[in-house]
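Data first, discussion second: the structure below is written as structure tokens.
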Amino acid sequence: MTQPSDLALEDVSKLFGLQRAVDQVSLRIEAGNYVVLLGPSGSGKTTLLSILGGFTAPTAGRVTIGGADMTLTQPAKRPTATVFQDYALFPHMSVAENVGFGLSVRGVAKPEIAARVNAALALVDLAGFGARAISAASGGQRQRIALARALVIEPAILLLDEPLGALDLHLRRQMQDELRAIQRREGRTFVHVTHDQEEAMAIADTIVIINNGKIEDEGSPSRIYWRPRTRFSASFMGESTILSAKQTEAGMAETPLGNLPVVGLYGAHVAIRPESVLFEPAGNSTLLGTLSITEATFQGSFARLKGRIGQTEISAKVDPRRAPPVGASLPAFLAPDGAVLLTE
Ligand code: ATP
């Protein structure tokens with residue numbers, strides 16, 4: 001395996017006509033990190049990944065890998081492998097030939113190719129599928145074959161574009177664990193594009209939230225969840241109640257629900273996560289008001305509640321065995337550090 005390398009984008013933009021798919025993005029990805037680019041459809045994630053892999057040349061800016069300028073370097077000359085959203089498998093080759101392709105062009109001996117292909121197929125839960133034709137594989141199987149084809153060459157940097165999108169939920173969770181385990185075991189750098197926030201939280205060391213071609217927020221999953229920087233990241237990653245806020249003194253702000261303790265330095269809005277709305281006072285909690293429940297949805301391990309305090313809509317989460325019925329009114333409290341100032 002090649003040594004892991006840091007990746008950096010410096011002030012990178014990509015225009016398609018007048019469309020700014022990527023807008024002055026600077027990002028540093030440390031070697032050995034699992035980075036997830038998370039954002040809505042059309043936000044520029046695939047274009048960013050394709051710039052990292054060398055399939056798209058940026059209109060402006062620089063790409064460096066391991067400190068070397070690779071802005072215009074061909075994909076094959078970079079220490080990267082890419083798993084494309086559309087798999088890009090060779091239809092006339094068998095499953096094993098597809099997976100082994102990268103090794104045969106690198107001149108690896110046939111017995112070693114066979115062993116490594118078998119190991120890679122086992123890793124994606126397709127042991128014994130090598131002799132099959134690609135045309136006989138289902139969508140989810142094709143996606144795993146594409147993954148095996150990239151993993152088998154053990155690249156220092158693996159770029160994955162929605163690599164689990166075609167899999168059912170069970171297999172998706174299993175493959176998330178597997179990807180995470182492979183990345184940890186080998187200490188490689190993975191850059192993974194998804195619009196699934198649960199997937200992002202489950203696997204990332206660092207999540208980069210992309211919106212309109214720009215970075216909205218960047219940090220560990222728990223930092224972004226509990227201390228989102230912008231309104232967009234507070235709403236896109238998980239749910240939040242967003243309230244207007246005017247700071248009255250350090251740590252306090254005036255909101256439609258009265259004066260609340262807030263965390264963060266400045267901002268004209270606060271975000272409150274559903275888990276931070278409590279129905280019993282806890283040490284240092286603050287009364288928000290009387291919440292009238294308008295919706296209660298059973299979600300298995302929790303119940304999602306919607307309600308109002310006066311005119312303000314609030315989202316909350318509770319143990320489903322203790323969920324109040326629609327129409328109930330009950331006092332609601334803000335958990336300590338539950339209201340976070342948003343800077344944008
Ligand atoms: P998705 O999750 O739907 O794949 P994405 O976040 O990966 O979306 P991109 O595919 O990077 O988004 O697209 C970003 C923007 O650039 C979109 O508005 C898209 O229409 C535009 N775009 C992407 N590729 C091209 C192209 N080859 N020509 C013209 N416009 C493009």
* Residue within the range 171-178 that is more than 24 Å from ARG20 (Cβ to Cβ), at pLDDT 90 or above and among the hydrophobic types (A, V, I, L, M, F, W, C) present -> no
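Among what's in the range 18-45 and is basic (Lys, Arg) and surrounded by fewer than 19 Cβ atoms within 10 Å (Cβ to Cβ), pick the residue that is farthest from the ligand (Cβ to nearest atom).
ARG28
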* Which of the residues that make up the range 326-344 are in contact with a Lys or Arg (Cβ under 6 Å, 6 or more places away or on another chain) and either part of a strand (DSSP E or B) or without any contact (Cβ under 8 Å) to a residue 40 or more places away in the chain (or both)? -> VAL340, LEU342
* Structure fact -> When (1) part of a strand (DSSP E or B); (2) farther than 25 Å from ILE224 by Cβ are applied to LEU243, the one that fails is (2)
* **Residues being in contact with a Pro (Cβ under 9 Å, 6 or more places away or on another chain) and under 16 Å from VAL277 (Cβ atoms) - total across the range 236-251** => 5
* Kindly indicate which of THR71, THR64, THR80 is more than 16 Å from the ligand (Cβ to nearest atom), crowded, with 22+ Cβ neighbours inside 10 Å and β-branched (Val, Ile, Thr). => THR80
* What do you reckon, is PRO91 closer than 26 Å to ALA136 by Cβ and not aliphatic (A, V, I, L, M)? -> yes
* To do: Pick out the one residue from LEU48, LEU52, LEU15 that is of a type outside the set (S, T, N, Q), within 11 Å of the ligand (Cβ to nearest atom), at pLDDT 95 or above and not in a strand (DSSP E or B).
  => LEU48
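So that you can scan it fast, the table gives a plain yes or no per residue for (1) in a strand (DSSP E or B); (2) exposed (fewer than 15 other Cβ atoms within 10 Å of the Cβ); (3) touching a Ser or Thr at 6+ places or on another chain (Cβ under 7 Å):
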{"residue": "ALA282", "(1), (2), (3)": "no, yes, no"}
{"residue": "LEU288", "(1), (2), (3)": "yes, no, no"}
{"residue": "ILE293", "(1), (2), (3)": "yes, no, no"}
{"residue": "THR297", "(1), (2), (3)": "yes, yes, no"}
{"residue": "GLY300", "(1), (2), (3)": "no, yes, no"}
{"residue": "GLY307", "(1), (2), (3)": "yes, no, yes"}
{"residue": "ILE314", "(1), (2), (3)": "yes, no, yes"}
{"residue": "ARG321", "(1), (2), (3)": "no, yes, no"}
{"residue": "PRO324", "(1), (2), (3)": "no, no, no"}
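The values are calculated or read from the model by the stated rules, or taken from the named source; none is laboratory data. As the structure is a prediction and not an experimental result, all values here were calculated from the model. As a convention, Cβ positions derive from the backbone with ideal geometry for all residues, glycine included, and neighbour counts pool all protein chains shown.
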